[in-house]
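Any read-out appearing in this document is the output of simple, stated calculations on the displayed coordinates, not a laboratory observation. Since the structure is predicted, the reported quantities are computational estimates derived from the model, not experimental observations. Quick reminder, even Gly has a Cβ in these numbers, built from the backbone with ideal geometry, and neighbours come from all protein chains shown.
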Amino acid sequence: MPTFVKRLLGALVIVFALWAINAAMSKEGLFGVGIPLYQVDLWKMAGINVILAVSLNLINGFTGQFSIGHVGFMAVGAYSSAYLTVYATQGIEQQLAAVLGAQVAAAIIFTFVILVGALAAALAGLIVGIPTLRLRGDYLAIATLGFAEIIRILIVNVNKIGAATGFRGAVEPWPGRTTIPAYTDFMWIGIFAVITIVVIYNIVNSDTGRALVSIREDELAATAMGVNTTRYKVTAFVISAAFAGVAGALYGHWRLPHPADFTFTRSFEIIIMIVLGGMGSITGSVLGALVITFLPELLRNIPGGVYDYRLVIYAALLILIMITRPQGMLGGREFGFNWLKRPQKRSEGDEAVGGAGGVQIAERDDPVADKKQDKENR
Amino acid sequence: MDTFVQQLINGLNVGAIYALIALGYTMVYGILRLINFAHGDIYMVGAFAGFFIANGMGLAGPSWGGLLVVLVGSMITAALVGMAIERFAYRPVRKYSRMTTLITAIGVSLLMENLFVARFGGQGRGFPQLLQDRAYHLFGNAAISKSQILIFAVSIALMVLLQWIIFRTKVGTAMRAVSFNLNSAKLMGINTNAIITFTFALGSALAAAAGVLTAQYSPTIDPLMGITTGLKAFVAAVLGGIGNIPGAVLGGLLIGVAETMVVGYGANFGIASTYRDAVAFAILILVLLLRPSGLLGTTVQEKV
Amino acid sequence: MRRTFLALGLIITIIAAMTGCTRRGSNCTDPGGVIKIGVYGDLSGQTSSFGQSTKNGAQMAADEINARGGIGGRQIQLIHEDDQGEPGKAATVVAKLINQDGVRALIGEVASSNSIAAAPNAQDAKVPMITPSSTNPKVTEIGDYIFRVCFIDPFQGEVMAKFAANTLKAKRAAILFDSNSDYSKGLTRFFQESFIKLGGQIVSEQAYAQRDRDFSGQLTQIRSASPDVIYVPGYYQEVGVIAKQAKQLGINAPLLGGDGWDSPQLWDLGGEALNGNYISNHYSVDDPSPAIQKFVADFKAKYNGVAPDALAALAYDAVMVLADSIGRAGGTECSALRNAIAQTKDFKGVTGVISLNAERNAIKPAVVLELRNRQLVYKETIQPGGASAPPPTASPSASMSPSNTNPPANTNATGANTNASPAANTAGGNTNRSNTNTGAMNTNR
């Protein structure tokens, strides 16, 4: 079978499966049978976490830069897209609905605002990335954290987007929708999760991806080989931010966005997902996102206060993984999606990134090189 | 005028606390090139240690002796905690990349915060007031309170002590040697592990002092109190030039004053007082853009 | 690699096992048997003292109901869940309570943001939700299954403005509010409106963020505006520190607050600096009415001598109103129960007589309390829409008539001033009140 037919079939299977799951998750259910709404909530959250984790992995896992403010970009995506649906798109949607029907109109508008959310987050990524990515990794970490906090403080101070109250809809003196429409269902989340995985996978397995991994492995050497490290770092950062924006837009049209949902605790949660799953493994990130979404809910049912200690358990796990296995649960390994690969990359692409020990994040014990880098940055 | 002087006093007071914490960041960074994310939580541990010591001793009312015991006791406790963190979390990952150590540091920070939340609850608790607090009027409306004087006095004393340890003692010389070049120091017969542990102990003790002093001034402690304060102190260290001790103090005071001035006079320039927490981070991004080495980063070579 | 697949398989099996499928359709019919009620709140987060009080108050009500034989012979069971004070988690927890535990009604949250986040899930599932203490008006606007048993922010803001202008004779007020809380912002707005209407002037308005520990900058600015009173509609966590730092700066104007101050912990945080300040609250623990004194005594007996704060009392009332409605509806069929709750009228609760209006809000009087030596001393009762009711006599411990704090039925009509006290004091009742150190309020608060 030609590859493209195979991929088309694959895409169809995914879309059909998502449709069936989505129907089962709806209020009516699929043929009257449905998934309990509590689990629906968790699955939606899991899907959004997958997008966040996989996109963060591009910058943290593959490029070796350390961002701990991912949630800031998510907030940008959530608020910018919700701002549009509340204050701008209602009229257009009504006009479209008259021609195409309400559902199609909503889908068009939602796609549009998600893209705007992604663009806004990408722009924010560019603004943060350009000054800070020139610097050493740990400065980036603090700068991203600081940026995410600044975003949150801005949100809290802007009345038109609900300020500290959370954004529910149009705020009094300004006309608009009174509630943010709940466009997001599992279909949307699922499709964008798949898109995120496919796009990041293809980036990682392209020339750009090679450049990114070379930066992670040894930035000096990469520069020496003619890689424009700053440009590649900024590119990766912007793409990563854009997907966080998508996740935010999806979240914003499901739960009403509230500044308390975008604190740095949430950023750390995403980091735990990718570290648990393995820095530099896309499937690992997916797995990490699922575990971190469902595990606490499982612990909730265990008596004896285990649930209260779940965050302690995560933190201890994080330290233990770093000490014993700094490359994470799956290391850099991938599994089970060779079929997604671009055909022309087959020869070198079969070993997914990080296979055969290519990804060892660390184990560099070269204080001299470290020093040199420090001097340079100073 | 008196309002301005008052705001200056308020700002320097907050800044002194930042400075005490920033010293720990800057010392550890000078030696290990590690951002000790957990340092802000050491400040929290110090405050809690003080709380339990004071309650354990049944101290409820003001007493200078009690305050001294609580201060020293919490400094010792925090020093031990800092040493344990260094020994069991940071030393095993020291050989790995920066990223691994940074994640470990975040892990330690999360561990302490969540352990305290799970154990003691996330709500604030009142710290026993060991000082009969009162305001002394300076001129006009300007006043300074006893707890503010205490903060200034103790932090200046501790900074002088630190300066003495680093420049006048053998262990201080060793610290400077290790920060200059760890491997060479090892070759010169310096027990680098011991020196690193000592640095953590020193920095942690200063943070604990900051914790107890803050608790006398604003008597609420909670397990998450170290996050924002710690981050701002880190920004102070970067502002002053990370690795540079006078820089950390200068950075701390500057950030404290800048924050308070935004609260006091920001409204005149269209900046709401609630942007206060954004000030430190905005300063950070500006410093990174304009002068990544910090204010005193290049001029002073001696670093620990 | 094999191990990886094994681990993966295991995880997916667990998740799939958790998920399962159920039949869709109306869950509205009463399943019979034990009546399950979900109680959710912040049990481990920043405001966990609120969640804990709510939990204790609700549990005590449930135990009392079960002890006297349940509702029509059916026992009730409370299922408590923790949302860590985060809006997103509150929504998930409510979904869990409804779908997994099959609760027939919900009690919660304290913080308005969390109630607002969680309420749509309750509304969608047609599970009635009674919030004991969310005072933001928007909460009950979410749908016809959402109720509350407390007064709302506009009223509470107005109460303090009236007290400041009429009783304290204040002309210049400063406001220091928590910009991170809609509760605080709401109170600020309504206080401001009423105070200006009453001829006062707002001389300074400063904001802080939750978790701030240094307020000297804001307080210095307020001091330079020399106000008569300072309105601080925040939560106790920050308020204690604010009171202390105000004294450190030599500010002597009294601080005024709302029910967010009411926590046993407030005294540990603010200490002596709190003396001479005033708050508006839902009820007063030293109200001598037998119903309230019995409640306070029972609560202290059950929870190691801790006196119930307003949140515990409101949670107790919420469960009692719910139980009463279930009794009148003859079960927990969705719409029957909803209608029964909506028709709640003249229910005699601990926090006053509760009648729900068409907006599903309780119309109740508020009390103003003075903070003095670790006690909340009753000052006066202010009726909804009406003028203030000064304290009946100089010594409430001797002769405060219960009807003053538990006003008669017609208070649900907005605008009615039902001051039952015959011997109303003259204006400025705060000056001629001696210390009212009744035994009942001398608790370990």
- Task: Springs between alpha-carbon atoms under 10 Å, Gaussian network over chain B: tell me which of B:58, B:15, B:66 tops the mean-square fluctuations.
- Result: B:58
- Message: As an exercise, find the ratio Rg/Rh for region A:113-179 from alpha-carbon atoms, using the Kirkwood inverse-distance average for Rh.
- Response: 1.10
- Note on the structure: Listed by chain and number, the aspartates and glutamates with an alpha carbon less than 13 angstrom from that of residue C:244, same-chain partners under 8 positions apart left out, are B:133, C:214, C:268, C:272
- For peptide A:260-272, how many partner chain Cβ atoms fall within 10 Å of a residue's Cβ, on average? 4
- For region A:124-217, report the translational diffusion coefficient in µm²/s to the nearest whole number, using Stokes-Einstein at 10 °C, 1.306 mPa s, and a Kirkwood Rh over Cα pairs. 93
- Message: For a quick check: sort B:108, A:71 by the number of other beta carbons within 10 angstrom, fewest at the front.
- Response: B:108, A:71
- Query: Can you put C:101, C:182 in order, fewest other beta carbons within 10 Å first?
  - Reply: C:101, C:182
- Query: What's log10 of I(q)/I(0) for chain B at q = 0.09, 0.13, 0.14 Å⁻¹, Debye sum over Cα points only, no solvent?
  - Reply: -0.43, -0.92, -1.06
- Query: How much net charge surrounds residue B:117 when only the other residues with a Cβ under 9 Å from the Cβ of residue B:117 are counted, with Lys and Arg +1 and Asp and Glu -1?
  - Reply: -2
- Message: Need one value for C:264-272: mean number of C-beta atoms belonging to other chains within 10 Å of its residues' C-beta atoms.
- Response: 4
- Calculate the mean, over all residues of peptide C:86-97, of how many other protein chain Cβ atoms lie within 10 angstrom of the residue's Cβ. 5
- Place +1 on the Cβ of every Lys and Arg and -1 on the Cβ of every Asp and Glu in the protein assembly as shown, take the dipole about the Cα centre, and give the residue among C:90, A:192, C:206 whose Cα lies farthest towards its positive end. A:192
- Query: For chain A, what is the convex hull volume of the alpha-carbon atoms per residue, in Å³?
  - Reply: 166
- Candidates B:169, B:229, B:260; GNM for chain B (alpha-carbon contacts under 10 Å) flags as most fluctuating B:169
- Message: I need the calculated FRET efficiency for the pair residue C:345 and residue C:75, taking r as the beta carbon distance and R₀ as 30 Å, to the nearest 0.05.
- Response: 0.70
- May I ask for the Kirkwood hydrodynamic radius of region B:1-81, worked out over all distinct Cα pairs and given in angstroms to one decimal? 14.7
- Cβ-defined net charge surrounding residue B:205, 15 Å radius [Lys, Arg +1; Asp, Glu -1]: -2
- Please find, in a Gaussian network model of chain A (springs between Cα atoms separated by less than 10 Å), the residue of A:193, A:211, A:182 whose mean-square fluctuation is greatest. A:182
- Message: Using +1 at the C-beta of Lys and Arg and -1 at the C-beta of Asp and Glu, which of B:118, B:197, B:225 has the Cα lying farthest in the positive direction of the dipole of chain B?
- Response: B:197
- Mean shadow area of region B:147-304, taken as a quarter of the surface of its Cα convex hull (nm²): 10.8
- Message: How far apart, in nanometres, would the label points at residue A:119 and residue C:304 be if each is projected 7 angstrom from Cα along the Cα-to-Cβ direction?
- Response: 5.9
- Note on the structure: Excluding residues fewer than 8 positions from residue C:171 in its own chain, the lysines with Cα under 23 Å of it are C:162, C:185, C:197, C:247, C:379
- Task: Mind putting a number on the dipole of region B:1-144 about its Cα centre? Charges go on the C-beta only, +1 for Lys and Arg and -1 for Asp and Glu, and I need it in Debye to the nearest 20.
- Result: 600
- Message: What percent of all Cα-Cα pairs in the protein assembly as shown falls into each 20 Å bin, going from 0 up to the bin containing the maximum distance?
- Response: 12, 41, 36, 11, 0
- Message: I'd like to know how region B:81-130 sits against the 2.2 N^0.38 Å rule of thumb: what's its Cα Rg over that expected value?
- Response: 1.50
- Task: Give the peptides C:309-315, C:257-263 in descending order of average Cβ contacts within 10 Å, highest first.
- Result: C:309-315, C:257-263
- Net charge of neighbours whose Cβ lies under 11 Å from the Cβ of residue C:145, counting Lys and Arg as +1 and Asp and Glu as -1: +1
- Can you work out the FRET efficiency for the pair residue B:286 and residue A:313, with r the C-beta to C-beta distance and R0 = 41 Å, to the nearest 0.05? 0.55
- Query: What spacing in nm lies between the two simple spin-label points modelled at residue A:178 and residue B:149, each 7 Å away from Cα in the Cβ direction?
  - Reply: 6.0
- Setting aside same-chain residues fewer than 8 positions from residue C:348, which lysines have a Cα under 16 Å from its Cα? C:294, C:364
- Query: Roughly speaking, what is the stretch gain from residue A:111 to residue A:98, that is 0.36 nm per residue apart minus the C-alpha to C-alpha distance, in nm to one decimal?
  - Reply: 2.8 nm
- Message: Within a 10 angstrom radius of the beta carbon, how do A:309, C:231 rank from fewest other beta carbons to most?
- Response: A:309, C:231
- Note on the structure: FRET efficiency for residue B:156 and residue A:8 from the Cβ-Cβ distance with R0 = 56 Å, rounded to 0.05, comes out at 0.15
- Message: Please list log₁₀ I(q)/I(0) at q = 0.10, 0.24 Å⁻¹ for region C:182-271, using the Debye equation with identical point scatterers on the alpha-carbon positions.
- Response: -0.24, -1.39
- Using only the Cα atoms, what convex hull volume per residue in Å³ does region C:309-369 have? 80
- Message: Suppose every Lys and Arg Cβ carries +1 and every Asp and Glu Cβ carries -1, with no other charges. What dipole size does the protein assembly as shown come out with about its Cα centre, to the nearest 20 debye?
- Response: 1580
- Contact order normalised by residue count of region C:192-247, Cα under 8 Å, 6+ apart, percent: 36
- Item | Cα-centred dipole magnitude for region C:143-298, charges only on beta-carbon of K, R (+1) and D, E (-1), debye, nearest 20 | 560
- Message: Please report the equivalent ellipsoid semi-axes of region B:1-153, computed as sqrt(5 x eigenvalue) of the Cα gyration tensor, largest first, in whole Å.
- Response: 33, 21, 13
- Note on the structure: Taking only Cα atoms of region A:243-310, the Rg to Rh ratio with Kirkwood Rh works out at 1.02
- So what is the relative contact order for region A:175-300, in percent, with contacts set as C-alpha pairs under 8 Å and at least six apart? 23
- Message: Once the cut-off is 20 Å, how many percent of the Cα-Cα pairs in region A:67-161 end up in the long-distance tail?
- Response: 47
- Between the alpha-carbon centers of region C:240-294 and region C:27-91, tell me the distance in whole angstrom. 28
